[in-house]
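*Asks:* I'd like to ask some things about the structure below.
The values are calculated or read from the model by the stated rules, or taken from the named source; none is laboratory data. What you see is a predicted model, and the numbers here were worked out from it, not measured in a lab. So basically every Cβ, Gly included, is an ideal-geometry build from the backbone, and we count neighbours across all protein chains shown. What goes into the accessible areas is simple: the full protein's heavy atoms, side chains included, and nothing from ligands, DNA or RNA. Shrake-Rupley method; radii C 1.70, N 1.55, O 1.52, S 1.80 Å.
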Amino acid sequence: MSRTRIKICGLTREADVAAAVEAGADAVGFVFYPGSPRHVTPAQAARLAREVPPFVSTVGLFVNADEATVLQTVSEVPLALLQFHGDETPAQCLQVSRAARLPFMRAARVRPGLDLVEFAKDYDAATALLLDAFVEGYGGGGHVFDWTLIPQPWLDPFHPSPAQRAAPRLVLSGGLNAQNVAGAIERVRPCAVDVSSGVESSKGIKDHARITAFVQAVRAADAALA
């Protein structure tokens, strides 16, 4: 059982970035979608990124942003990974990723009727697939989606055909918190978990004790599975 990676997303304050790093997060996320209450400008994100030490990844979340906007952001902020969370097509993701010279993660807003197997095939160039809850607008809204909608072969670590498994690049999101993340890891076995509202005191304001509790819960889940 490998260690589950942790991404704390929607950071807006230097102190919150420092708290996430101190707690042991593997990645921090900056939201560049103007419609989000966690939105930061490139200039703000550049200041936040200065709090990030080596070997902790910085992720930029975009929603239907044009290529010029992404490239301008990348020129100002030292990002390690692009996260596309809107309606971007496979071709659009790949084009922007290549232009920015950065890998990308594609979010799937999970709901009945969405064929995740086909979605994974369409976005096979993605470094990771992030599964989030479907709500009106973009982002999971702090809701947990029905994990039974994840294809069973993806959840079987002993499946005879690794090519049919998405777990090596599956990031689980959507309503996670310190109370339910252990169950999520046991059920889904993702390579990483992504949390935002589950470690907040209010939108865009992280609660440092909740960040620590979340990271500790993930590590305890890993230890139990090992």
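*Asks:* Does Ala68 satisfy being under 22 Å from Phe104 (Cβ atoms), small (Gly, Ala, Ser) and without any contact (Cβ under 8 Å) to a residue 12 or more places away in the chain?
*Replies:* Numbers: under 22 Å from Phe104 (Cβ atoms): yes; small (Gly, Ala, Ser): yes; without any contact (Cβ under 8 Å) to a residue 12 or more places away in the chain: yes.
So Ala68 fits the description; yes.
Yes/no per residue for (1) touching a helix residue (DSSP H, G or I) at 6+ places or on another chain (Cβ under 8 Å); (2) modelled with pLDDT of 90 or more:
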residue	(1), (2)
Trp154	yes, no
Ser161	yes, no
Leu170	yes, yes
Leu176	yes, yes
Ala184	yes, yes
Ala223	no, yes
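*Asks:* Six or more apart or on different chains, Cβ under 6 Å: which pairs go from a residue in the stretch 202-226 that's in contact (Cβ under 8 Å) with a residue 60 or more places away in the chain to one that's open to solvent by 70 Å² or more (accessible area, probe 1.4 Å) and not in a helix (DSSP H, G or I)? Could you list them?
*Replies:* Matching pairs, first to second residue: Lys203/Pro37; Gly204/Pro37; Asp222/Arg3; Leu225/Met1; Ala226/Met1.
*Asks:* Name the residues in the stretch 6-32 that are open to solvent by less than 10 Å² (accessible area, probe 1.4 Å) and on the phi > 0 side of the Ramachandran plot, would you?
*Replies:* Result: Gly10, single match.
*Asks:* A further question on this structure: Which numbered condition trips up Ala45, out of (1) touching a helix residue (DSSP H, G or I) at 6+ places or on another chain (Cβ under 6 Å); (2) free of Cβ contacts under 8 Å to residues at least 60 places away in the same chain?
*Replies:* Against the list (1) touching a helix residue (DSSP H, G or I) at 6+ places or on another chain (Cβ under 6 Å); (2) free of Cβ contacts under 8 Å to residues at least 60 places away in the same chain, Ala45 comes up short only on (1).
*Asks:* I'd like to check something: does the stretch 18-35 contain any residue that is farther than 22 Å from Ala192 by Cα, outside any strand (DSSP E or B), touching a helix residue (DSSP H, G or I) at 6+ places or on another chain (Cβ under 8 Å) and not polar (S, T, N, Q)? Walk me through it before giving the result.
*Replies:* First pass over the stretch 18-35, keeping only residues farther than 22 Å from Ala192 by Cα: 33-35.
Going one step further and asking which of them are outside any strand (DSSP E or B), we end up with 33-35.
Okay, now just the ones that are also touching a helix residue (DSSP H, G or I) at 6+ places or on another chain (Cβ under 8 Å), so none.
So far as the stretch 18-35 goes, no, none of its residues is farther than 22 Å from Ala192 by Cα, outside any strand (DSSP E or B), touching a helix residue (DSSP H, G or I) at 6+ places or on another chain (Cβ under 8 Å) and not polar (S, T, N, Q).
*Asks:* While we're on this one: Name the residue that is least open to solvent (accessible area, probe 1.4 Å), counting only residues in the stretch 33-49 that are touching a Gly at 6+ places or on another chain (Cβ under 8 Å) and of a type outside the set (Ser, Thr, Tyr).
*Replies:* That would be Ala45.
*Asks:* Any residue that is among the basic types (Lys, Arg) and either outside any helix (DSSP H, G or I) or in contact with a helix residue (DSSP H, G or I) (Cβ under 8 Å, 6 or more places away or on another chain) (or both) - is there at least one of those in the stretch 80-99? Give the derivation first.
*Replies:* Just the residues of the stretch 80-99 that are among the basic types (Lys, Arg), to begin with: 98.
Filter again for either outside any helix (DSSP H, G or I) or in contact with a helix residue (DSSP H, G or I) (Cβ under 8 Å, 6 or more places away or on another chain) (or both), leaving none.
No, the conditions are met nowhere in the stretch 80-99.
*Asks:* When residues of the stretch 1-17 are filtered for being in contact with a helix residue (DSSP H, G or I) (Cβ under 7 Å, 6 or more places away or on another chain) and farther than 17 Å from Ala184 by Cβ, how many remain?
*Replies:* Residues in the stretch 1-17 being in contact with a helix residue (DSSP H, G or I) (Cβ under 7 Å, 6 or more places away or on another chain) and farther than 17 Å from Ala184 by Cβ: 3 in total.
*Asks:* Further question on the same structure: Based on what the data block shows, is Leu129 crowded, with 17+ Cβ neighbours inside 10 Å and closer than 21 Å to Arg5 by Cα?
*Replies:* yes
*Asks:* Oh, and also: If I filter the stretch 93-121 down to residues being of a type outside the set (A, V, I, L, M) and surrounded by 16 or more Cβ atoms within 10 Å (Cβ to Cβ), which single residue comes out as farthest from Ile150 (Cα to Cα)?
*Replies:* Ser97
*Asks:* For the structure I just gave you, tell me whether Arg111 is modelled with pLDDT of 80 or more and on the phi > 0 side of the Ramachandran plot. Full working, then the answer.
*Replies:* On the way: modelled with pLDDT of 80 or more: yes; on the phi > 0 side of the Ramachandran plot: no.
The answer is no for Arg111.
*Asks:* Condition check: touching a strand residue (DSSP E or B) at 6+ places or on another chain (Cβ under 7 Å), closer than 23 Å to Leu129 by Cα and open to solvent by less than 50 Å² (accessible area, probe 1.4 Å). Does Val52 satisfy that?
*Replies:* no
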